[in-house]
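The values are calculated or read from the model by the stated rules, or taken from the named source; none is laboratory data. Note that this is a predicted model, so its numbers are computed, not measured. Neighbour counts are summed over all protein chains in view; Cβ atoms, including those assigned to glycine, are modelled from backbone coordinates with ideal geometry.
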Amino acid sequence: MHALRKHIHPGWLIIAPLLVLVVALYLGPILNILWLSVTDPEPGFGNYAKLGESDALLRILWTTVRICIITTMFSVTLGYSIAYAMVHCHQRQKNYMLTLLLVSFWISILVRTFSWLMLLGRKGLVNVTLEDIGLIAEPIAFMRNEFGVLIGMIHYMIPYAVLPLLVSMQALDKRVMDASSNLGATGAQTFWRIYLPLTTPGLVASTLLVFILSLGFYVTPAVLGGGKVLMVAEYISVQLLVTLKWGTAAMLAALMLFGVLAMLWIMSRFMKLSTVFGGAAR
Amino acid sequence: MQDKQFMKEMLTDGAHAYKEGRMDRRTFLALCGASGVALSAVMAGDAEAAADHVVMWNWGGQSEECHGSAIGDAFTASTGKGLKFDTSGPLEGKIKEMVDSGNVTADVADADLFNAVSLGPTGHLEPIDYSVVSKDKTLPGYALEYGVSVILYGYAFVYDTEAYGDNPPQNWADFFDTAKFPGMRSLYKWANGSLEAALMADGVAGDALYPLDMDRALAKIKSIKEDSLYWGSGSEAHSMCVNGEVTMGMIWQNRGRNIENDTDGRFKLVNNQAMAMPGAYIVPKGNPAGAAVMQFIATAQEVPAQLALLDCLGMTPSNPAAFGEIPEDQQDYAITSAKNIDKIVYNDPEWWGENGGDAVNAFLEAIS
Amino acid sequence: MADLANTGSLQIRDVSKMFGTFRAVDGVTLDIERGEFLTLLGPSGSGKTTLLMMIAGFLDITQGDIALDGASIADVPAEKRNFGMVFQGYALFPHMSVRDNIGYALSVRKRSASEIKARVDEMLDLVQLQEFADRKPTQLSGGQQQRVALARALCFAPPVLLLDEPLGALDKKLRVEVQEQLKDIHRRVGTTFIYVTHDQEEALSMSDRIVIMRDGAIEQVGTPVELYERPATKFAASFLGKSNFITQGDKTYALRPEKIDLRLGQGGSDARVSGTIRSITYFGSMQRIIVDSVQGDEIEVDIDVWRNQEALTEGAKVDLLWQEAAAVELHDT
């Protein structure tokens, strides 16, 4: 007991009940999912074998990954520019931009999704205007296809991309950039050699956040995709709620979980993840 | 999960036995201890079972108000029991989850009749007590062991009168004919109705649809995929028409009237070959109100309740005794009205209950 | 490398800087000679850092002109001025090794790898950090980081090196050591150093010339000895060292505490002022004595302990003596 005390900080005893609870509440459902994926409808790896048998499942997974990658690329790139502008403009404009960003952050996803239909639908503001001024004869199909899904998702994800970047950029010592230009670096050299590397942890955090959130997207693809863009999250929900193929749903959920974990693992090979999640850069 | 269900049943039985004096207190407590359940939890659950109300599980919104006025009031008047609502939407997976978890909080779910076919044999539903509920007050074939149809809704379509002018589409064959009737269509995303419409369009007779020829139906669906959108909810189907995204839309027939009104008559409902869907009441296994819920279902079958639901929600009566009472202004919209009843076809809940899951997946895979 | 033999003089002509309506720098005119170690000394808000930032090119000049060797650089952007700079807090690149930090200026000028390596090695020698070349800045002590910053700023042989409170983050003992190294490096490289500090001891011990600044303007310019011995204003006298102020008629004189002698008893014919000892504070090598003069002034006297044979006590009556030249007449009454 004494020997134990020496090694275990007494603080752990205080948080132990909470820790156990948290672990149980996190691990319990995850283990349940993994269990379901190898037991429902019958024991074995039949659910996983479906991946090899069904082109449709692979197509759904590929659609999901493709849309998530494109969404992440655009949201993070746009988010980077927005965060950069916010950090480098005057305080008043910055507050203004932050307010706009948070307002769009707080608006329900349904409202945002349907607003895009109002704007870019077949009879939406943009198409009607373009037709009225004679620029186009037929409405442009912005919505109810993969392009529409991307517009909706990128728009939704931009605030998520901006916030980690904003934190990362605000934490930068401006003098480091001054030092670079003082040493003769051009603006572009300073950006590529100093600014970008120093904001990389924020960039990675933002990329991970957006990508992982995108994987779980459901409402926007369902509505803006016109039913034709089927992503994993919606497919899982249908398997759970409508077709009662819980084993398939669990298998896909497990697959996404392992996919994300694998991604984090690969990332951790290249950089310390603690710097991404707010730890000190070393 | 099954174990938990068994445990609860055992304890509830035990609680009854204890109350009636058939089991001594020590034995009952030992039983509770053995299953790790506090005494109060079982007694409370038991007390709930003797509740003075039934809980209806539906989709909320207007249907909450309408179920209250059309059925709840009459039910309360005759039994003295109230009606409460759970509006979280009784999808098949949620019913299964609720029963499996052993924490059943709803008495009757406003669901589809095919849910009774898929969930009944797996032990998730209470059988319908046909000594209280009447098999004659619904259409033949729609009174099943684990569920009874109390209303009908239908898959019909609306079309844009300005797009098609003097030569409007009249049946599913026209709906699927994009050469003769160009423009975007919308179909139901979860296969139901869409598959049948495709087969009818392909020349299958309305009374010879089942078992569905999936390959043939999906081929037909795919043939107009480029010109199709798919909706997942009634409001989405509605907005696709009202916002001019489609020129022809499959819809739930009870939405037809609203779409006609919201487009000032530009869109028109076609009930020819409409697919009648038996909306059903089903009872989750171990429902808290117990047998009292059968009285509620019986009340819903009565002609006044049937007509009130039609008036309030646009849901068509399934009790043949009510067909003749459908008022004049509903003749065009109610699919079992004298005007429509000879033109409609009937959904087979048995086929859907047994094959629905695979059909939905095959459909989703075909359209995505 | 540029030939430093004939470059590195700066001409600052009537330079002002406005922030909105606030005049941060007010009409500064100053000539800085090639190879000089010049210190801008002043309290915070005196405009010394603002002036430095205008010289570096990080701030625009509102009015006036700055020239290098006679040619205006007012419109030359910071990255084209070729001035080295050591920043407050050093502003090292945290993601680069010491070697890459030091070689950065040559690297962005697209010099060959071998040239960069040779020059960086030379700089590592200069600041004695050879064995730390592959460390990251965060793995170094404060003093080592300061030397990396210096090496980085000197690597491309700038004609002028600007130092913004470079020792501010170091503890007192280390600071004295680094001052020595800085002076040594200055002698060896021959670059013009412009050094900003609010620490008067630092300014006195290192500089060829000191510019005392106050409210955006130059208060006084001179060598350390000139400024200490002949302060022109009350502000200069009190900011650089300690000073008593003695008023005679309409004239005010500055009088350093260590230039006053003290004798027990009152009324000596050579006494300049008589008074009573209020307090004595002992510092080991010297003691600080506060005297209330009969005229009502408070006069501080610093006396070496060894000189003080007679025991002084609080409340004792004393005469104060000083040489005529020790009292410096001030010009800002």
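Values for this structure:
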quantity	calculated
Lone qualifier among B:Ala197, B:Ala191 - being modelled with pLDDT of 95 or more, buried (at least 24 other Cβ atoms within 10 Å of the Cβ) and either within 14 Å of chain A (Cβ to nearest Cβ) or closer than 20 Å to B:Trp351 by Cα (or both)	B:Ala197
Check on B:Gly183, within 14 Å of chain A (Cβ to nearest Cβ), surrounded by fewer than 18 Cβ atoms within 10 Å (Cβ to Cβ), in contact (Cβ under 8 Å) with a residue 40 or more places away in the chain and under 26 Å from the mean Cα position of the chain (by Cα)	no
Tally of residues being touching a Cys at 6+ places or on another chain (Cβ under 6 Å) and of a type outside the set (A, V, I, L, M) across the stretch B:262-319	2
Selection count where residues are more than 12 Å from every other protein chain (Cβ to nearest Cβ) and among the polar types (S, T, N, Q), scope the stretch A:114-136	2
Residues of the stretch C:54-71 satisfying the condition of being of a type in the set (Val, Ile, Thr) and either within 12 Å of chain A (Cβ to nearest Cβ) or under 20 Å from A:Tyr195 (Cα atoms) (or both)	C:Ile55
Looking only at the stretch C:203-236, and only at residues there that are in a helix (DSSP H, G or I) and over 15 Å from the mean Cα position of the chain (by Cα), the one that is surrounded by the most Cβ atoms within 10 Å (Cβ to Cβ)	C:Phe235
Candidates C:Leu227, C:Leu330 - the one that is hydrophobic (A, V, I, L, M, F, W, C), without any contact (Cβ under 8 Å) to a residue 40 or more places away in the chain, under 29 Å from C:Tyr195 (Cβ atoms) and touching a strand residue (DSSP E or B) at 6+ places or on another chain (Cβ under 7 Å)	C:Leu227
Residue that is farthest from A:Ile158 (Cα to Cα) [pool: residues in the stretch A:46-66 that are away from chain B (no Cβ under 12 Å) and hydrophobic (A, V, I, L, M, F, W, C)]	A:Ala49
Complete set of residues in the stretch C:135-169 that are within 21 Å of C:Thr49 (Cβ to Cβ), surrounded by fewer than 18 Cβ atoms within 10 Å (Cβ to Cβ) and away from chain A (no Cβ under 14 Å)	C:Gly142
Residue check, C:Phe132 within 8 Å of chain A (Cβ to nearest Cβ) and at negative phi	no
Top-ranked residue of the stretch A:137-158 - restricted to ones that are in a loop (DSSP other than H, G, I, E, B) and either charged (D, E, K, R) or within 24 Å of A:Ser75 (Cα to Cα) (or both), ranked as nearest to the other protein chains (Cβ to nearest Cβ)	A:Arg144
Test for B:Asp100: is it modelled with pLDDT under 95 and of a type outside the set (Phe, Trp, Tyr)	yes
Residue that is assigned by TED's automatic domain parsing to the domain that holds C:Ser16 and touching a residue at least 60 places away in the same chain (Cβ under 8 Å), where the choices are C:Arg187, C:Arg175, C:Arg152	C:Arg152
Residue tally, condition surrounded by 14 or more Cβ atoms within 10 Å (Cβ to Cβ) and within 13 Å of chain A (Cβ to nearest Cβ), over the stretch B:121-151	1
Residue count, the stretch B:344-368 (criterion: more than 9 Å from chain A (Cβ to nearest Cβ) and not polar (S, T, N, Q))	11
Condition met for B:Gly60 (of a type outside the set (Val, Ile, Thr), more than 19 Å from the chain's Cα centre (by Cα) and either more than 14 Å from chain A (Cβ to nearest Cβ) or within 21 Å of B:Val303 (Cα to Cα) (or both))	no
C:Ala157, sole failed condition from (1) in contact (Cβ under 8 Å) with a residue 24 or more places away in the chain; (2) within 21 Å of the chain's Cα centre (by Cα)	(2)
Residue selected from the stretch C:193-202 under the condition modelled with pLDDT under 95 and not in a helix (DSSP H, G or I), by the criterion nearest to C:Met54 (Cα to Cα)	C:Thr197
Residue ranges of helices (runs of 4 or more DSSP H) in the stretch A:171-282 with at least 3 members aliphatic (A, V, I, L, M)	A:174-182, A:196-215, A:219-224, A:232-241, A:246-270
Residues within the stretch B:318-368 that are over 22 Å from B:Ala197 (Cα atoms), in contact (Cβ under 8 Å) with a residue 60 or more places away in the chain and either in contact with a Ser or Thr (Cβ under 7 Å, 6 or more places away or on another chain) or not assigned by TED's automatic domain parsing to the domain that holds B:Gly61 (or both), tallied	1
Verdict on C:Leu126 being buried (at least 18 other Cβ atoms within 10 Å of the Cβ) and over 21 Å from the mean Cα position of the chain (by Cα)	yes
Criterion: farther than 30 Å from C:Gln88 by Cα and among the charged types (D, E, K, R) - qualifying residue of C:Arg209, C:Arg230, C:Arg214	C:Arg230
Some residue of the stretch A:249-272 being surrounded by fewer than 23 Cβ atoms within 10 Å (Cβ to Cβ) and hydroxyl-bearing (Ser, Thr, Tyr)	yes
Only listed residue being outside the structural domain of A:His155 (by TED's automatic domain parsing), in a helix (DSSP H, G or I) and touching a residue at least 60 places away in the same chain (Cβ under 8 Å), chosen from A:Tyr48, A:Tyr84, A:Tyr80, A:Tyr26	A:Tyr48
Residue in the stretch C:72-118 that is nearest to the other protein chains (Cβ to nearest Cβ), counting only those that are closer than 14 Å to C:Ile55 by Cβ and small (Gly, Ala, Ser)	C:Ala78
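Residue by residue, here is whether (1) more than 24 Å from A:Leu230 (Cβ to Cβ); (2) surrounded by 13 or more Cβ atoms within 10 Å (Cβ to Cβ) holds:
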| position | (1), (2) |
| --- | --- |
| A:Gly46 | no, yes |
| A:His88 | yes, no |
| A:Phe105 | yes, yes |
| A:Phe114 | no, yes |
| A:Asn127 | yes, yes |
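Yes/no per residue for (1) surrounded by 11 or more Cβ atoms within 10 Å (Cβ to Cβ); (2) over 27 Å from A:Leu244 (Cα atoms):
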site	(1), (2)
A:Val23	no, yes
A:Gly52	no, no
A:Val65	yes, no
A:Leu78	yes, yes
